[in-house]
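The values are calculated or read from the model by the stated rules, or taken from the named source; none is laboratory data. Here the structure is a predicted model, which is why all the values come from computation and not from measurement. So basically every Cβ, Gly included, is an ideal-geometry build from the backbone, and we count neighbours across all protein chains shown. The protein model used for the area step is the full one, side chains on, heavy atoms only, and it has no ligands, DNA or RNA in it. Shrake-Rupley method; radii C 1.70, N 1.55, O 1.52, S 1.80 Å.
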Amino acid sequence: MELERTLARLADGARQMSQADAAAVYLLDEDGACLTMAAVSGLPAALYQREPVTVERSPLDEDALSGRPIIVTDTDTDPRAANAPGDYRSALCVPLMQEGAPVGALHVYAAAPGRFDEEDAALLSPLADLGAVLVAAAREIALLKAQESGKAHFIHVATHELRSPVAVSQSLVRGVIKGYAGPMTDKQADLFGRVSRRLDFLESLVNDLLALAAGKAAGPEEKEPVLLNGSVGRTVLLLQPRAEEKGVALTLRRCPDRLVVQGTEDGLERIFVNLVGNAVKYTPAGGSVTVAMSRVKDGIEVQVIDDGIGIPEESLPQLFQEFYRAPNAKSSDEIGTGLGLAIVKDLVERYGGRIEVESGVGRGSTFTVTFPNVTVDRSSRS
Ligand code: ADP
């Protein structure tokens with residue numbers, strides 16, 4: 001879309017600069033066999049060539065694509081202009097060349113004969129060069145996007161296939177640990193305990209990779225109004241048993257307004273489950289985690305505050321990178337993949353928000369998510 005708009009501006013510019021009556025930009029396909037009309041200026045809709053034209057059947061382009069501008073002083077007498085649209089009598093065709101190879105052609109037309117000369121060709125050449133660079137850049141970006149989404153699709157399929165064998169193995173191992181297969185020696189119990197922890201890790205890796213791949217493979221996501229108070233409240237309820245089991249006090253400071261964010265239910269819950277889950281995970285027994293929602297000038301702020309192990313200052317810049325784990329987290333007993341915060345950041349930004357962190361070793365951590373442009377739902381009170 002962006003390229004189309006830019007090429008339309010290029011066609012407008014070419015028409016004005018050469019004082020032509022109409023202009024068109026044609027792009028060459030990958031094989032260099034066909035040209036497709038990509039943008040026009042001043043050309044009546046009836047003259048649009050919607051079907052691609054083979055280069056062979058357009059001698060004007062065939063000549064120009066060899067790398068030099070072609071001037072047609074009268075389409076009535078110049079056989080190369082047999083394909084020129086409408087009743088235009090003059091035409092100038094300037095190739096779009098990228099690193100010595102043609103990527104398309106810029107055409108300008110005029111109703112009167114003899115309207116274009118070498119000076120017009122020289123005037124339009126830099127414009128054509130600019131067009132060629134833009135086309136090459138747009139193609140490069142499209143290729144990178146396709147590769148990225150292909151990779152994400154592969155990860156998605158591979159991890160999805162791993163999910164159920166991991167879950168089945170985990171439940172079998174848990175059964176053995178609980179003694180369903182008979183009593184075990186201490187050595188066996190120790191080994192099975194280790195296997196179970198490895199499987200826990202594998203399970204979270206598979207889930208995080210799936211979430212990451214789903215985010216990357218997704219295009220612009222369908223967003224809908226979601227009640228933020230609900231997502232945050234459900235997260236705290238979900239993680240309360242884990243906090244209790246660990247001896248960490250988990251509290252929620254609610255916001256009296258019912259605030260609506262443009263996002264998805266799943267995505268918002270994933271954001272807070274990750275942040276609150278981390279806070280509980282990296283806070284030792286006896287500590288506390290507070291989730292506080294408050295209105296700020298430009299929207300709503302959700303803070304996840306803990307008094308746990310904290311994050312070394314030098315780790316803060318890398319924290320949201322995929323697979324990064326701070327040294328004190330790695331050396332703790334807590335299992336982690338280093339993918340959670342990368343997923344969180346991606347989602348927060350998709351929903352138009354931002355995330356910040358403040359922390360220091362032994363000082364605890366505060367993660368702040370801010371969503372601007374929230375609306376207040378006045379339909380009922382929670
Ligand atoms: P992990 O699966 O390792 O928890 P995340 O991507 O969720 O991965 O977090 C990346 C790293 O950020 C963690 O490994 C840890 O070093 C640090 N971290 C995140 N949240 C906290 C927290 N509340 N307290 C201390 N360290 C944290």
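Each Lys and Arg Cβ is given +1 and each Asp and Glu Cβ -1; about its Cα centre, segment 27-160 then shows a dipole of about 520 debye.
Dipole check for the chain: with +1 at the C-beta of Lys and Arg, -1 at the C-beta of Asp and Glu, and the Cα centre as origin, the magnitude is about 2320 Debye.
Pairs over the 32 Å Cα-Cα cut-off, from the set LYS223/LYS330; LYS187/LYS246; LYS151/LYS330: LYS223/LYS330. Sorting 99-105, 159-165 by their mean Cβ neighbour count within 10 Å, with the most densely packed peptide first, gives 99-105, 159-165. If we count every other residue with Cβ under 14 angstrom of LEU43's Cβ, Lys/Arg +1 and Asp/Glu -1, where does the sum land? Charge balance in the 14 Å sphere: -1.
Expressed as a whole percent, the accessible area of the chain that falls on carbon and sulfur atoms is 53 (1.4 Å probe). Legend: Rg and Dmax of the chain, from Cα coordinates, 31.0, 100 Å. Percent of Cα pairs in segment 11-120 per distance bin of 5 Å, from zero to the largest separation: 2, 14, 25, 28, 21, 8, 2, 0.
Note on segment 232-338: antiparallel DSSP beta bridges, both residues inside, total approximately 60 percent of the bridges counted. The stretch between ALA136 and GLU99, if pulled fully straight at 0.36 nm per residue, gains 12.3 nm over its current Cα-Cα span. What are the residues whose amide H is under 5 Å from the amide H of GLN98, where those residues sit 5 or more places off or on another chain and H is modelled from the backbone? Under 5 Å from the amide H of GLN98 lie the amide H atoms of VAL103, each far enough along the sequence or on another chain.
The calculated Kirkwood hydrodynamic radius for segment 218-347 is 15.6 Å, given to one decimal from all distinct C-alpha pairs.
With the convex hull drawn around the C-alpha atoms of segment 285-334, the volume per residue stands at 120 Å³. Hydrophobic, long helices, defined as DSSP H runs whose alpha-carbon span along the helix axis is 24 Å or greater and whose mean Kyte-Doolittle value is at least -0.5, occur in the chain at 118-177, 186-217, 228-246.
Computed from label points 7 Å out along Cα-Cβ, the spacing between LEU172 and ARG68 is 7.5 nm.
Computed per residue of the chain from DSSP H runs no shorter than four, each worth -39500 (n - 2.57), the mean residue ellipticity at 222 nm is -15000 deg cm²/dmol. Count Lys and Arg as plus one, Asp and Glu as minus one, and take only other residues whose Cβ is under 11 Å from that of LEU341; the net charge is then -1.
Taking the radius of gyration and the Kirkwood hydrodynamic radius from Cα positions alone, what is the Rg/Rh ratio for segment 255-298, to two decimal places? Walk me through the numbers before you get to the answer.
On the way: Rg = 13.1 Å, Rh = 12.6 Å.
Using only Cα positions, Rg/Rh for segment 255-298 is 1.05.
Each residue, LYS330 and GLU224, gets one label point 7 Å from its Cα in the Cβ direction; the gap between the two is 4.2 nm. Projected label points at PHE154 and GLN321, each 7 Å from Cα along the beta carbon direction, are separated by 2.2 nanometres.
How much area per residue is accessible in segment 336-382 when the probe is 1.4 Å and only protein heavy atoms are counted (Å²)?
For segment 336-382, the solvent-accessible area averages 48 Å² per residue.
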